[in-house]
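K.L.:
Structure below; questions to follow.
Nothing in this text is a laboratory measurement; each read-out follows from the coordinates by a stated rule. Note that this is a predicted model, so its numbers are computed, not measured. Glycine gets a Cβ as well: all are built from the backbone with ideal geometry, and neighbour counts include every protein chain shown.
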Amino acid sequence: MALRPVLQFPDKRLTVVAKPIASISDEIRSLASDMCEVMYDEPGIGLAATQVGEGVRLIVVDTEWKEEHGVKNPLILVNPELSEHEGEVLWKEGCLSVPEFEAEVKRAERVTMRALDLDGKEVEIRADGLQAVCFQHEVDHLDGILFIDRISRLKRSLYVAKRKKQLKREAEEGSSPAS
Ligand code: K1U
Ligand code: ZN
């Protein structure tokens, strides 16, 4: 089956606050599996259900996976919550929903993540470095927040202008007759 497409800025669905998952059904397990496929295919180190147009609190993360034939060990987290934040770090981030842009974002250096796994078991993960940043980035997606909402107004508006031009160019190319 075709992979689910990743929504891209400025799609309004990326701003929706996702709802908690009341029960872990086969539908949720199937969504988690689809999301892992998309994450490894892109490739990315994380993905939130919001990015594939599903308004539920589910994320997948794998900050260890590096190559096509490497070991895949995704963390699949239902109703994730960041319970503790410590320190501060500036991290250069990208996003599968914000094409062709990277920027430094101020994040907590260490976090504690609480969530359920797909068996409904509570998990607690203390994270630092890239994993801590990725957890914060993905939980932001569930709250309808993109990393470009956390940079300066000037940098954000420069990106928005660039993105508008990019979309205009794509629309023109798509509508022009083949030569
Ligand atoms: O949520 C997303 O859009 C995925 C995003 C997560 C993320 C990246 C950087 C910092 C915080 C969160 C990505 O995975 S962008 C792609 C990326 O960073 C990457 C891709 C392949 C190998 C290594 C990194
Ligand atoms: Zn993202």
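K.L.:
Are any of the pairs 66/92; 72/92; 12/164 more than 20 Å apart by Cα-Cα distance, and if so, which?
P.N.:
As for pairs spanning more than 20 Å Cα to Cα, those are 72/92.
K.L.:
Would you mind pulling out the separation of the Cα centroids of segment 43-74 and segment 126-144, in Å?
P.N.:
The distance from the Cα centre of segment 43-74 to that of segment 126-144 comes to 12 Å.
K.L.:
Hey, if you drop one equal point scatterer on each alpha-carbon of segment 35-84 and run the Debye formula without solvent, what base-10 log of I(q)/I(0) do you get at q = 0.14, 0.24 Å⁻¹?
P.N.:
Calculated log10 I(q)/I(0) at the listed q: -0.35, -0.88.
K.L.:
Just from its helices, what would the mean residue ellipticity at 222 nm be for the chain, if runs of 4 or more DSSP H residues each count -39500 (n - 2.57) and the sum is divided by every residue, rounded to the nearest 500 deg cm²/dmol?
P.N.:
Result for the chain, helices only: -10000 deg cm²/dmol.
K.L.:
I would also like to ask the following. Suppose the chain between residue 29 and residue 166 were pulled fully straight at 0.36 nm per residue; how much longer would it get relative to their current alpha carbon spacing?
P.N.:
Length gained between residue 29 and residue 166: 45.8 nm.
K.L.:
Karplus couplings for segment 44-58 from phi (6.51 cos²θ - 1.76 cosθ + 1.60, θ = phi - 60°), rounded to Hz, Gly and Pro as x?
P.N.:
Each residue's phi maps through the Karplus curve to give x, 10, x, 6, 10, 3, 3, 6, 10, x, 10, x, 10, 7, 9 Hz.
K.L.:
Take every Cα pair under 8 Å in the chain that's 6+ residues apart, average their separations, divide by the length, and report that relative contact order as a whole percent.
P.N.:
21 percent.
K.L.:
Placing unit charges on C-beta atoms (Lys and Arg positive, Asp and Glu negative, everything else neutral), compute the dipole magnitude of segment 51-91 about its Cα centre in debye, rounded to 20.
P.N.:
Approximately 200 debye in magnitude.
K.L.:
Taking one equal scatterer on every alpha-carbon of segment 7-54, how large is log10 of I(q)/I(0) by Debye at q = 0.17, 0.18, 0.32 1/Å?
P.N.:
-0.55, -0.61, -1.20
K.L.:
Which aspartates and glutamates, on any chain, are close to residue 155 with Cα under 15 Å apart, when same-chain ones fewer than 8 places away are left out?
P.N.:
The qualifying aspartates and glutamates are 93, 100, 102, 104.
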